[in-house]
Amino acid sequence: MARFILGLVELGVSAAVHLLFGFYVFSTAVAADISQAAAASGCPLLRRPPPAAGLVDVAAAAEEDDRRGVVLDGSPPPIVLVHGIFGFGKGRLGGMSYFAGAEKKDDRVLVPDLGSLTSIHDRARELFYYLKGGQVDYGVEHSQVYGHTRFGRIYDTGHYPVWDEQNPVHFVGHSAGAQVVRVLHQMLAEKAFPGHDTSEDWVLSLTSLSGALNGTTRTYYDGMLAEDGRSMKSICLLQLCRLGVIVYDWLDIPWLKNYYNFGFDHFEMSWRKVGFSGLVDLLLGNTGPFSSGDWILPDLTIQGSLKINSTIKTFPNTFYFSYATKRTRKLFGITVPSSVLGVHPMLFLRVLQMCMWRHPQNAPLPYKGYRDEDWEDNDGALNTISMTHPRIPIEHPNRLVVDDSDCNPLQPGIWYHKIIEGDHILFIVNRERAGVQFDLLYDGIFERCRKHAFRKSPPTMPNEASQ
């Protein structure tokens, strides 16, 4: 009984902290957009539009801009920043930037908006059509198996329609975004997009920033069952998340969903489609993404990542670099948080818990050679061992980088990885937290893309060509 009560207290604290942070992000974006709309009206005090009206205009404009696309031509290759779980791209949450404005460091950067909770597979399909253009095709077999429509949103014009072997792209993926790019890369190699003659050489480089390359033990604390990595506990943080997402999508308030969208439109959970009885089925777990398992959390368990990794290669002509973050250290042989004030309040409890993770004795080990102690170091969301390079079920070619000069010149087909001190969200949303580290990190990433990751010769930047 005491253990059950303690679990409920922990659930209450976790839920409250996450809700407060979500409300902070959302309200900050709303306040900025209302202020911008009021300023544009010419008289902030007398002519300020109602909040909803201001948000409608902002959301509608962003949706239209994303649909038509901001078209880039060939060289130099664009850098595509791919967000992680609960993330958002350019146009969502008004003027807020998931990457804290890092996209402004280069003239040719794209920030796609993908489903924030949809599966790795679905997000990879969305990412392809965002760049190339056309209607998102989730695949016949996949759509039938998981019970959603085959086709999704339409991009009248892709953001990089010339994308091919001669005009490849650089990808930078944060958290789950890194795994999304890897799955997309494999799809390109397997020519999995009807009507497009794709290949693995469409991807010039992949930079993983706190990337979920091998899963995370945090999923089990949030509510996934360690026994199978697919099912959820009956009472947990993820169940609360599930209920909230279902109600949000069922209400289907257009301006609100344009402002922020979990990405489940292809499951057609709106009241306009399913009515009240459909809502009951969704809440009971009879239908929808949480019933079929076609959402992101099962993909982030160790078991789910192992299943994905077993089908993905590291390709010989692509450059790979990963930054693995950690907020832990050893104290008398015990792994503990390395800082109290240096860890975001939303993540501190999870940093502490993940240090103490022990796989259930009655559950089969997730992979051969698994050891609890290997998974103790973490950043509050992912285990550090998971972020360095793909290592389960087989270890991919890799090299530890202590100093950036250790990896110059870069060799393709090798995962260069560097461990840096920081929690999981240090380099996103709020650049002030990272301070000078923010600029050092992104400047290093962008410089590597522009000057060190190339197949023939360094690309010429537009401003260089004009000189």
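Take the residues of the stretch 390-432 that are β-branched (V, I, T) and open to solvent by 60 Å² or more (accessible area, probe 1.4 Å): which is farthest from Y442 (Cα to Cα)?
So the first thing to find is which residues in the stretch 390-432 are β-branched (V, I, T), and the list is 392, 394, 401-402, 414, 419-420, 425, 428-429.
Restricting the remaining residues to those that are open to solvent by 60 Å² or more (accessible area, probe 1.4 Å) gives 394, 402, 419.
Working: I394: 30, V402: 17, I419: 15 Å.
Of everything passing the filter in the stretch 390-432, I394 is farthest from Y442 (Cα to Cα).
Looking at L184, L131, L117 in this structure, which one is among the hydrophobic types (A, V, I, L, M, F, W, C) and touching a strand residue (DSSP E or B) at 6+ places or on another chain (Cβ under 6 Å)?
On the way: L184 fails: touching a strand residue (DSSP E or B) at 6+ places or on another chain (Cβ under 6 Å); L131 fails: touching a strand residue (DSSP E or B) at 6+ places or on another chain (Cβ under 6 Å).
From the options L184, L131, L117, the qualifying one is L117.
Looking at the stretch 348-363, is at least one residue among the β-branched types (V, I, T), within 20 Å of M387 (Cα to Cα), touching a helix residue (DSSP H, G or I) at 6+ places or on another chain (Cβ under 7 Å) and open to solvent by less than 70 Å² (accessible area, probe 1.4 Å)? Full working, then the answer.
Residues of the stretch 348-363 that are among the β-branched types (V, I, T), as a first pass: 351.
Going one step further and asking which of them are within 20 Å of M387 (Cα to Cα), we end up with 351.
Retained after the next criterion (residues that are touching a helix residue (DSSP H, G or I) at 6+ places or on another chain (Cβ under 7 Å)): none.
Within the stretch 348-363 (the criterion being among the β-branched types (V, I, T), within 20 Å of M387 (Cα to Cα), touching a helix residue (DSSP H, G or I) at 6+ places or on another chain (Cβ under 7 Å) and open to solvent by less than 70 Å² (accessible area, probe 1.4 Å)), the answer is no, since none of the residues qualifies.
So is A31 surrounded by 13 or more Cβ atoms within 10 Å (Cβ to Cβ), more than 22 Å from L238 (Cα to Cα), at pLDDT below 85 and among the small types (G, A, S) or not? Even if it seems obvious, please write down each step before you answer.
Details: surrounded by 13 or more Cβ atoms within 10 Å (Cβ to Cβ): no; more than 22 Å from L238 (Cα to Cα): yes; at pLDDT below 85: yes; among the small types (G, A, S): yes.
Considered against the rule, which asks whether it is surrounded by 13 or more Cβ atoms within 10 Å (Cβ to Cβ), more than 22 Å from L238 (Cα to Cα), at pLDDT below 85 and among the small types (G, A, S), A31 comes out as no.
Sort out which residues of the stretch 173-192 are within 8 Å of the chain's Cα centre (by Cα) and at positive phi, and write them in order of number.
S175 - this is the single residue of the stretch 173-192 that is within 8 Å of the chain's Cα centre (by Cα) and at positive phi.
Collect the residues in the stretch 291-338 that are in a helix (DSSP H, G or I) and either on the phi > 0 side of the Ramachandran plot or open to solvent by less than 30 Å² (accessible area, probe 1.4 Å) (or both), keeping them in residue-number order.
Applying the first criterion (in a helix (DSSP H, G or I)) to the stretch 291-338 yields 291-292, 296-300, 302-309.
The answer is I296, L297, P298, D299, L300, I302, G304, S305, I308, N309.
Which condition from (1) surrounded by fewer than 24 Cβ atoms within 10 Å (Cβ to Cβ); (2) in a loop (DSSP other than H, G, I, E, B); (3) of a type outside the set (G, A, S) is the one that F276 breaks?
Evaluating F276 over (1) surrounded by fewer than 24 Cβ atoms within 10 Å (Cβ to Cβ); (2) in a loop (DSSP other than H, G, I, E, B); (3) of a type outside the set (G, A, S) leaves (2) as the failure.
Scanning for something farther than 29 Å from F23 by Cβ, out of contact with any Lys or Arg (no Cβ under 8 Å at 6 or more places or on another chain) and not hydrophobic (A, V, I, L, M, F, W, C), does the stretch 421-429 turn up at least one residue?
Initial filter on the stretch 421-429 (farther than 29 Å from F23 by Cβ): none.
No, because not a single residue in the stretch 421-429 is farther than 29 Å from F23 by Cβ, out of contact with any Lys or Arg (no Cβ under 8 Å at 6 or more places or on another chain) and not hydrophobic (A, V, I, L, M, F, W, C).
Find the residue count for the stretch 142-198, including only residues that are hydroxyl-bearing (S, T, Y) and open to solvent by 20 Å² or more (accessible area, probe 1.4 Å). Please lay out each step first, then the result.
Residues of the stretch 142-198 that are hydroxyl-bearing (S, T, Y), as a first pass: 143, 146, 149, 155, 157, 160, 175, 198.
Now narrow it down to the ones that are open to solvent by 20 Å² or more (accessible area, probe 1.4 Å): 146, 149, 157.
Result for the stretch 142-198: 3.
Conditions tested, residue by residue: (1) part of a helix (DSSP H, G or I); (2) over 22 Å from I428 (Cα atoms).
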| residue | (1), (2) |
| --- | --- |
| G211 | no, no |
| T216 | no, no |
| T219 | yes, no |
| S234 | no, yes |
| Q239 | yes, yes |
| R242 | yes, yes |
| I246 | yes, yes |
| W255 | yes, yes |
| H266 | yes, yes |
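Kindly indicate whether any position in the stretch 324-341 is modelled with pLDDT of 95 or more, under 18 Å from the mean Cα position of the chain (by Cα) and not charged (D, E, K, R).
Yes, the stretch 324-341 contains at least one residue that is modelled with pLDDT of 95 or more, under 18 Å from the mean Cα position of the chain (by Cα) and not charged (D, E, K, R).
The values are calculated or read from the model by the stated rules, or taken from the named source; none is laboratory data. These numbers were taken from a predicted model, which means no experiment stands behind them. Counting neighbours? That spans all protein chains shown, and the Cβs are built from the backbone with ideal geometry, glycine included. In case anyone asks, the SASA skips ligands and DNA or RNA and just uses the protein heavy atoms, side chains included. Shrake-Rupley method; radii C 1.70, N 1.55, O 1.52, S 1.80 Å.
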